[in-house]
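See structure below.
The values are calculated or read from the model by the stated rules, or taken from the named source; none is laboratory data. This is a predicted model, so every value here is computed, not measured. Backbone-built Cβ (ideal geometry, glycine too); neighbour counts: all protein chains shown. Protein only, heavy atoms only, side chains kept; ligands, DNA and RNA dropped before computing areas. Shrake-Rupley method; radii C 1.70, N 1.55, O 1.52, S 1.80 Å.
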Amino acid sequence: MAGVAFRRLLSAIPVLLIVSLISFGLMRLIPGDPAAAIAGIAATPAQIEQLRRDLGLDQPVWMQLLHYYEGLLRGDLGRSLLLGKGVFAATMERLPVTIGLSLYALVFTLLIGIASGIIAALRQNSWIDQAAMMFAMIGISVPNFFLGLLMIILFAVHLGWLPSGGYVPFGDDPFGWLASMTMPAFSLALLQAGLLARITRSSMLEVLRQDYIRTARAKGLPGHRVILKHALANALIPIVTVVGIIVSLLLSGAVVTEALFSIPGMGQLLTQAVLNRDYPMVQGGLLLVTTFLVLVNITVDVLYAVLDPRVRYE
């Protein structure tokens, strides 16, 4: 198992190099001068040119790329042009906020998606099945920012149950964190819950038709044990695959959600960095987020062999 994880880590190196190259190239294609944005409208052309030299932006692009990769080999992601601090330090301040939001949304996704899929599979072609799949279709169809706006109007403006935005650190006030993150997490989770419900239903229906399920029922095993231990356990492979994809979608969807609810996470940080042409921040932030997603996918690969002994990696 450790050898499998190690080989997956080695295969992730080219992925990270390609992502770093793409982010480097895309940032150079964005119109505008970072030095002019940092210096402000009152700066003279001479001051802007001096700032460009100080930041190394006057060098050829290939030389900037070479310096960037030299820094990566040393473990240095550079310094943010906008914040004036190390990219790694700035990212570590915001990334836990986004990961916390995504994990909270993942809890909603798993609870709603798997429960709806199992119930729909057990009541196939009934009104319960139709209602669950209609709910899944609504979840897939409604954009998360639109659902977020509706939730703000209902639960924050009219009912006053939850705050309309802002962020409370978990360490300062756990209940305040739950209150500030519940609406963003639910609006982020509903889309993915609909997808997970459909996959769970399809996988469960396939497993429930197998002979060993009929045998377990014929032996008089309790219904909940047949469903949870025998049916769901054997339906987990496609579900785990989708959950790995959902984690990536939750992190990417957090960009819009954080902007809507004024949450100081990676989405807000990268948005500000792109608008201000903060090259090191965008490049380093995307690289760190990609590294996290690569680790998630490696974890999913390893879980295959853990959940299903029939899966064996050479």
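Which residue out of Asp58, Asp54 is over 19 Å from Leu270 (Cβ atoms), part of a loop (DSSP other than H, G, I, E, B) and either at pLDDT below 75 or touching a strand residue (DSSP E or B) at 6+ places or on another chain (Cβ under 7 Å) (or both)?
On the way: Asp54 fails: part of a loop (DSSP other than H, G, I, E, B).
Checking each option against the conditions leaves just Asp58.
Taking the criterion of being of a type in the set (Gly, Ala, Ser) and in contact with a Leu (Cβ under 7 Å, 6 or more places away or on another chain), the residues of segment 118-156 that qualify are Ala121, Gly139, Gly148, Ala156. Candidates Ile245, Ile227: the one that is open to solvent by 70 Å² or more (accessible area, probe 1.4 Å) and closer than 15 Å to Ser203 by Cβ is Ile245. Would segment 253-260 turn up any residue that is among the hydroxyl-bearing types (Ser, Thr, Tyr) and open to solvent by less than 30 Å² (accessible area, probe 1.4 Å)? Looking through segment 253-260, at least one residue is among the hydroxyl-bearing types (Ser, Thr, Tyr) and open to solvent by less than 30 Å² (accessible area, probe 1.4 Å). Contact map, segment 230-245: first residue over 20 Å from Gly194 (Cβ atoms) and touching a residue at least 40 places away in the same chain (Cβ under 8 Å), second residue in a helix (DSSP H, G or I) and open to solvent by less than 30 Å² (accessible area, probe 1.4 Å), Cβ cut-off under 7 Å, separation 6 or more or different chains; pairs are Asn234/Val207. For first residues located in segment 168-180 and outside any helix (DSSP H, G or I), partners that are small (Gly, Ala, Ser) and surrounded by 12 or more Cβ atoms within 10 Å (Cβ to Cβ) and lie 6+ apart or on another chain with Cβ distances below 6 Å form the pairs Val168/Gly176; Val168/Ser180.
Restricting Leu269, Leu286, Leu196 to those that are in a helix (DSSP H, G or I), modelled with pLDDT under 85 and open to solvent by less than 50 Å² (accessible area, probe 1.4 Å) reduces the list to Leu269.
Residue by residue, here is whether (1) of a type outside the set (Ser, Thr, Tyr); (2) modelled with pLDDT under 80; (3) open to solvent by less than 20 Å² (accessible area, probe 1.4 Å) holds:
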| site | (1), (2), (3) |
| --- | --- |
| Ser102 | no, no, yes |
| Val107 | yes, no, no |
| Ile114 | yes, no, no |
| Gly117 | yes, no, yes |
| Gln130 | yes, no, no |
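Restricting the first member to segment 258-283 and to residues that are among the acidic types (Asp, Glu), and the second to residues that are open to solvent by less than 10 Å² (accessible area, probe 1.4 Å), the beta-carbon pairs closer than 6 Å and six or more apart or on different chains are Glu258/Gly265; Glu258/Gly267; Asp278/Ser80.
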